[in-house]
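Read the structure below first, then the notes.
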Amino acid sequence: MRFYLFLALVFGPAVLSAQIADSTQKVIPGRANSREQEQKPYVILISADGFRYDLADKYNATHLLALRAQGVRATSMTPSFPSVTFPNHYSLATGLYPSHHGLVDNNFFDVKKGRGYTIRDRAAVEDPDFYGGTPIWVLAEQQKMLTASFFWVGSETSIDGVRPTYYYRFNDKISLDTRLKAVKDWLTLPEAQRPHLITFYLSWVDHAEHLYGPESHQAEEAVHEVDDAIDRMTRMVDSLHLPVNYVFVSDHGMAQVDTTHGIPVPDVIDTNKFIISVGGTMVHLYARDKRDIAPTYGALKTIATDYYVYLPAETPARWHYTDKDDRHHRIGDIILVAHYPLLFHPKGMHMIAGEHGYDNAVPDMGATFYAWGPVFKNGMTISPFENVNVYPLIAHILGLNITEPIDGTLKVLGNTLKK
């Protein structure tokens with residue numbers, strides 16, 4: 001509850017609004033795989049939110065360790081900046097950096113639209129205007145290959161007029177048994193109706209880490225829950241004798257935060273002059289009058305000790321987060337980024353134990369990448385790479401033609417595949 005209280009205080013009342021208890025599968029009628037696509041392999045893309053690069057080893061996730069030994073593992077995968085959930089899930093899905101696909105943070109303000117986006121605002125999450133790029137399921141459906149989603153950022157809305165053929169609205173109360181049964185049901189459909197791409201999301205590790213930290217017993221238990229879920233899934237799917245390939249990723253890592261003191265939002269920010277979008281590790285300031293940017297920026301630079309102060313033109317180039325990168329004009333006019341491992345928080349607020357969103361070069365932000373199945377080499381370990389390169393890998397496995405420029409390239413992960 002501390003975590004959700006924190007989200008409520010940061011993001012507003014929408015966080016505490018009741019989650020829509022929708023557990024029904026949505027099906028887009030009238031679709032079928034083309035005869036060509038029926039012959040393609042299958043990919044299940046699994047995300048374990050917050051599953052830091054070292055957690056499988058740290059907590060001896062025996063099933064995942066065995067599965068990755070049969071395939072490919074990265075020592076770490078570099079999340080896109082900012083290293084938070086929605087931008088990175090959508091970067092994995094599109095092959096684009098957040099500044100290019102438009103989800104520049106978990107919460108931000110769109111000046112052109114005149115409204116904000118927050119991860120708990122159902123209307124915003126389902127508004128296709130917030131989503132740029134071509135998600136992998138949209139690419140597949142456009143090329144007459146059916147897809148299914150048991151949760152993924154962007155899968156609940158109609159991007160370019162396209163949704164997955166089979167999908168669920170996010171409802172984390174849906175049981176694992178129900179989720180696994182859906183995967184089996186999808187893969188036992190007649191070939192014309194069978195999805196060749198399935199996205200699958202698990203939140204347990206991230207939730208435990210936020211509340212108790214990544215070094216906690218609760219985080220260890222959550223890692224084992226994920227490990228058991230993947231074991232159940234793979235044994236179930238393997239019994240179907242289909243050429244299924246698995247890509248297991250996380251969106252980011254997690255840091256044990258400094259709970260001895262937090263960073264209050266600076267008093268020098270005039271809330272009458274700026275729209276303020278606050279996250280745990282980053283604050284965006286959107287000026288109502290551009291003339292107020294320079295003096296406020298100067299005042300913040302003078303007092304900043306526990307955080308960095310940037311104009312968009314000044315952010316590190318490796319973040320791909322400058323004003324020139326900002327295709328949708330959603331990055332704040334001034335950005336505050338907390339020093340690792342500190343955290344912004346409302347005054348008087350008890351701090352959470354774990355957080356992410358820091359500079360993506362911080363080792364604790366490193367994400368997980370494992371892949372196994374008939375197309376992957378066996379027992380291969382690769383160096384860290386940027387997560388935008390997962391998209392072209394999956395597109396290649398499925399034989400899909402990428403139809404627009406992306407930031408990732410198959411050159412990075414192409415050597416993980418058997419010739």
Inset, instruction - Would you point out which residue out of Asp364, Asp407 is of a type in the set (Asp, Glu) and farther than 30 Å from Gln37 by Cβ? - result: Asp364
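Here is a yes/no grid of residues against (1) surrounded by 21 or more Cβ atoms within 10 Å (Cβ to Cβ); (2) aromatic (Phe, Trp, Tyr); (3) closer than 11 Å to Asp251 by Cβ; (4) in contact with a Ser or Thr (Cβ under 8 Å, 6 or more places away or on another chain):
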site: Ser99; (1), (2), (3), (4): yes, no, no, yes
site: Lys113; (1), (2), (3), (4): no, no, no, no
site: Ala124; (1), (2), (3), (4): no, no, no, yes
site: Asp129; (1), (2), (3), (4): no, no, no, no
Legend entry - Residue in the range 166-177 that is of a type in the set (Gly, Ala, Ser), under 22 Å from the mean Cα position of the chain (by Cα) and farther than 24 Å from Ala123 by Cβ present: yes
Legend entry - From the options Gly357, Gly399, residue that is within 22 Å of the chain's Cα centre (by Cα) and on the phi > 0 side of the Ramachandran plot: Gly357
Inset, instruction - Would you please name the residue that is nearest to Tyr117 (Cα to Cα), looking only at residues in the range 303-340 that are buried (at least 19 other Cβ atoms within 10 Å of the Cβ) and hydrophobic (A, V, I, L, M, F, W, C)? - result: Ile331
Legend entry - Any helices (runs of 4 or more DSSP H) falling wholly within the range 93-153 and containing at least 3 residues that are under 30 Å from Thr188 (Cβ atoms): 136-142
Legend entry - Single unsatisfied condition, Pro405 versus (1) touching a residue at least 60 places away in the same chain (Cβ under 8 Å); (2) out of contact with any Ser or Thr (no Cβ under 8 Å at 6 or more places or on another chain); (3) assigned to a loop (DSSP other than H, G, I, E, B): (1)
Inset, instruction - Check the range 222-239 and report whether any residue there is assigned to a loop (DSSP other than H, G, I, E, B) and within 30 Å of Gln39 (Cα to Cα). - result: yes
Legend entry - Out of Met351, Met380, Met365, sole residue that is touching an Asp or Glu at 6+ places or on another chain (Cβ under 9 Å) and more than 25 Å from Gly132 (Cα to Cα): Met351
Inset, instruction - Kindly indicate whether any position in the range 283-302 is surrounded by fewer than 22 Cβ atoms within 10 Å (Cβ to Cβ), over 25 Å from Asn272 (Cβ atoms) and not basic (Lys, Arg). - result: no
Legend entry - Wholly enclosed strands (runs of 3 or more DSSP E) of the range 298-388 bearing at least 2 residues of a type outside the set (Phe, Trp, Tyr) and modelled with pLDDT of 95 or more: 334-338, 380-382
Inset, instruction - Provide a single number: the residues in the range 59-84 that are surrounded by fewer than 23 Cβ atoms within 10 Å (Cβ to Cβ) and part of a helix (DSSP H, G or I). - result: 6
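The values are calculated or read from the model by the stated rules, or taken from the named source; none is laboratory data. These numbers come from a predicted model, not from an experiment. Cβ atoms come from the backbone with ideal geometry, glycine included; neighbour counts cover every protein chain shown.
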